[in-house]
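S.K.: Sharing a structure with you now.
The values are calculated or read from the model by the stated rules, or taken from the named source; none is laboratory data. Keep in mind it's a predicted model, so treat the numbers as computed, not measured. Cβ placement follows ideal geometry from the backbone for every residue including glycine, while neighbour counts extend to all protein chains displayed. With ligands, DNA and RNA removed, areas are computed over all heavy atoms of the protein, side chains included. Shrake-Rupley method; radii C 1.70, N 1.55, O 1.52, S 1.80 Å.
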Amino acid sequence: QSGWTGVNERTFIAVKPDGVQRRLLGEIVRRFEKRGFKLVAVKLVKASEELLREHYWQLRNKPFYSTLISYMSSGPVVAMVWQGLDVVKTARKMLGETNPADSLPGTIRGDFCVEVGKNVIHGSDSVESAQKEIALWFRQSELHRWESSTKTWIY
Ligand code: RTP
């Protein structure tokens, strides 16, 4: 879809079941907000196996695939869409490396986890993946367009 570049670039972020259970949602949302990104969709979902199989289709032949699917369906995840300049790449930097052991302190995985099989958060790895993942996890009507109001709300 055109129009999804520049400041309108979007990425799909999911706080995985371990992140939700460990009450890391607020901290993660805070980091994205403070970095300057805009939340355009969010929901708490118990992902179906069908959805997860589609989401991780490219990993279907990996030895950890079935462990990954059961981990991801072990509890609700928080699915989000964040928008902003270069958000796909910047979000991946904020997340850290896939393996938390390789993630620098200051990144989400580098600050909050140690195991690749419990790495707290997912982020799209390219603009193309982001478009596919957003379409997979959200209906069009769940994606919101909003601007910071120029009116004064707070007196
Ligand atoms: P994600 O999709 O979750 O953001 O992760 P990623 O791109 O950094 O990593 P990817 O290679 O796509 O792997 C997806 C998820 O599978 C789990 N994993 N387990 N060796 C293992 O046991 C192993 N390797 C990967 C992780 O949860 C990883 O995030």
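S.K.: Within segment 118-152, can you find the residues that are acidic (Asp, Glu) and in contact (Cβ under 8 Å) with a residue 60 or more places away in the chain? It would help to see each step written out before you state the result.
M.R.: Quick first cut of segment 118-152, residues acidic (Asp, Glu) only: 125, 128, 133, 142, 147.
Of everything in segment 118-152, those that are acidic (Asp, Glu) and in contact (Cβ under 8 Å) with a residue 60 or more places away in the chain turn out to be Glu133, Glu142.
S.K.: What number of residues within segment 94-114 satisfy the criterion of being within 16 Å of the chain's Cα centre (by Cα), more than 9 Å from the ligand (Cβ to nearest atom) and charged (D, E, K, R)?
M.R.: 0
S.K.: Please list, ordered by residue number, the strands (runs of 3 or more DSSP E) wholly in segment 1-89 having 2 or more residues that are away from the ligand (no atom under 13 Å from the Cβ).
M.R.: 38-45, 77-83
S.K.: So which pairs qualify, if the first residue must be in segment 19-46 and under 15 Å from Val81 (Cβ atoms), the second must be charged (D, E, K, R) and assigned to a strand (DSSP E or B), the Cβ gap must be under 7 Å, and the two must be at least 6 apart or on different chains?
M.R.: Val40/Arg10
S.K.: On the given criteria, is Ser141 within 12 Å of the ligand (Cβ to nearest atom) and either part of a helix (DSSP H, G or I) or of a type in the set (A, V, I, L, M) (or both)?
M.R.: No: the conditions fail for Ser141.
S.K.: Here is a further query. I'd like the residue in segment 1-35 that is small (Gly, Ala, Ser) and at pLDDT 95 or above and, out of all such residues, is surrounded by the most Cβ atoms within 10 Å (Cβ to Cβ).
M.R.: Gly19
S.K.: Additional query: Cβ-Cβ under 6 Å, sequence separation 6+ or interchain: first residue in segment 86-101 and open to solvent by 60 Å² or more (accessible area, probe 1.4 Å), partner modelled with pLDDT of 95 or more and of a type in the set (Gly, Ala, Ser). Which pairs?
M.R.: Arg92/Gly123; Glu97/Ser103
S.K.: May I pose another question? If I filter segment 120-138 down to residues being of a type in the set (Gly, Ala, Ser) and assigned to a loop (DSSP other than H, G, I, E, B), which single residue comes out as surrounded by the most Cβ atoms within 10 Å (Cβ to Cβ)?
M.R.: Only one residue fits best here, namely Ser124.
S.K.: Every residue in segment 121-130 that is hydrophobic (A, V, I, L, M, F, W, C) and within 9 Å of the ligand (Cβ to nearest atom), please.
M.R.: Across segment 121-130, the qualifying residue is only Ile121.
S.K.: Let me ask something else about it. Would you be able to tell me the number of residues in segment 36-84 that are closer than 21 Å to Glu142 by Cα and either among the aliphatic types (A, V, I, L, M) or open to solvent by 80 Å² or more (accessible area, probe 1.4 Å) (or both)?
M.R.: 17
S.K.: Would you check if Gly117 is assigned to a helix (DSSP H, G or I), near the ligand (Cβ under 9 Å from one of its atoms) and modelled with pLDDT of 95 or more?
M.R.: Values: assigned to a helix (DSSP H, G or I): yes; near the ligand (Cβ under 9 Å from one of its atoms): yes; modelled with pLDDT of 95 or more: yes.
In short, yes.
S.K.: Then there is this: Please verify whether Ala130 is over 16 Å from Ile28 (Cα atoms) and either of a type in the set (Gly, Ala, Ser) or within 12 Å of the chain's Cα centre (by Cα) (or both), treating the condition exactly as stated.
M.R.: Working: over 16 Å from Ile28 (Cα atoms): yes; either of a type in the set (Gly, Ala, Ser) or within 12 Å of the chain's Cα centre (by Cα) (or both): yes.
Considered against the rule, which asks whether it is over 16 Å from Ile28 (Cα atoms) and either of a type in the set (Gly, Ala, Ser) or within 12 Å of the chain's Cα centre (by Cα) (or both), Ala130 comes out as yes.
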